[in-house]
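Worksheet: the structure to be examined is printed underneath.
Please treat every number below as a calculation from the coordinates, not as lab data. If you're wondering where the values come from, they're calculated on a predicted model, not measured in any experiment. A quick note on method: Cβ atoms are made from the backbone with ideal geometry, for glycine too, and the neighbour counts reach across all protein chains shown.
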Amino acid sequence: MIKVTCIVGSARNDGSCAYLTDAFIKGLNGKAQIKKYCVSDMDLHFCKGCKNCYEMGECVTRDDVQSVVGDIMTSDYVFMAAPSYWAGVPAQLKALFDRTTPYGDTNPKRIVNPKDGIKGIAVAVRAGTRQAENELIISSIEHYFGHLGIQTIKAISVLQTDTLSDLLEKNEKIIAEVTRLGEDIANNRL
Ligand SMILES: Cc1cc2nc3c(=O)[nH]c(=O)nc-3n(C[C@H](O)[C@H](O)[C@H](O)COP(=O)(O)O)c2cc1C
């Protein structure tokens, strides 16, 4: 069975990113081993910038990062959805990115490597109308994926969505697209 790890990269575990993640999981239709995390629910500490991981290949801080990144690195697919917070990813998700430094390809001493051929899906959600801002969020997720050897196979941008009601009222097509993506993965079409 394929393994899929889903990361809700929002400070809210019940907002639009969470809804889109659940829509994707619905499409998987029980045909995958699914791990779902919301960064707001994680025991997640900031990177201290000590660079100890460049010597030891491990982080000096022990929290949920080790198990979440462990799931990411052993998945076949990683789905990550994040809102724009001041044209960047939320601080909680950025903390996860920073804390993944022991496991990224820039770390010469990494002792745990991601599995080959992981595929990634990046979703960006914002209140405003300019696509360019969501490109920043997508680039940030793609950058993270890239350093873990994860190939982005799909990027989805959701505009004019400040609340879950906005998502449900204005973006029905995107919700359906995300569910279809899950179905395609479950049926080996992606
Ligand atoms: C602290 C904060 C900063 C935000 N900054 C922006 C922004 O710069 N641009 C934008 O379009 N929306 C911004 N938003 C709106 C969110 O992107 C929007 O509410 C999104 O739908 C939240 O997704 P969620 O429901 O998954 O949490 C911000 C929201 C918060 C809470």
Quiz item: Using alpha carbon centroids, what distance separates the stretch 59-88 and the stretch 131-183, in Å?
Solution: 16 Å
Self-check item: Cα→Cβ-extended label distance, 7 Å offset, between Asn29 and Glu183, nm
Solution: 0.7 nm
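So which chymotrypsin sites (Phe, Trp or Tyr not before Pro) in the stretch 62-153 are both in a DSSP loop and have at most 13 other Cβ atoms within 10 Å of their Cβ?
Trp86
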Quiz item: For the chain, what does -39500 (n - 2.57) per DSSP helix run (n ≥ 4), summed and divided by total residues, give at 222 nm, in deg cm²/dmol to the nearest 500?
Solution: -11500 deg cm²/dmol
Exercise. Order by neighbour count: Leu96, Leu159, fewest other Cβ atoms within 10 Å first, most last.
Key: Leu159, Leu96
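Using the 10 angstrom Cβ neighbour count as an exposure proxy, how do Phe24, Phe46 rank, fewest first? Please report the intermediate quantities before stating the final value.
Numbers: Phe24 28, Phe46 12.
Result, fewest neighbours first: Phe46, Phe24.
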Quiz item: In Å and whole numbers, how far do the C-alpha atoms of the chain stretch along each principal axis, longest first?
Solution: 50, 38, 26
Exercise. Have a look at the DSSP beta bridges in the stretch 2-186 and tell me what percent are antiparallel, nearest 5.
Key: 5 percent
Self-check item: Surrounding net charge for Val78, when Lys and Arg each add one and Asp and Glu each subtract one, Cβ distance under 14 Å
Solution: +2
Quiz item: Computed FRET efficiency, Cβ-Cβ of Asn113 and Glu135, R0 25 Å: what is it to the nearest 0.05?
Solution: 0.30
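Taking R0 as 45 Å, what's the FRET efficiency between Thr61 and Glu169 from their Cβ-Cβ distance, rounded to 0.05? Don't skip to the answer; put the middle values down first.
Working: r = 41 Å, r/R0 = 0.92.
Once rounded, the FRET efficiency stands at 0.60.
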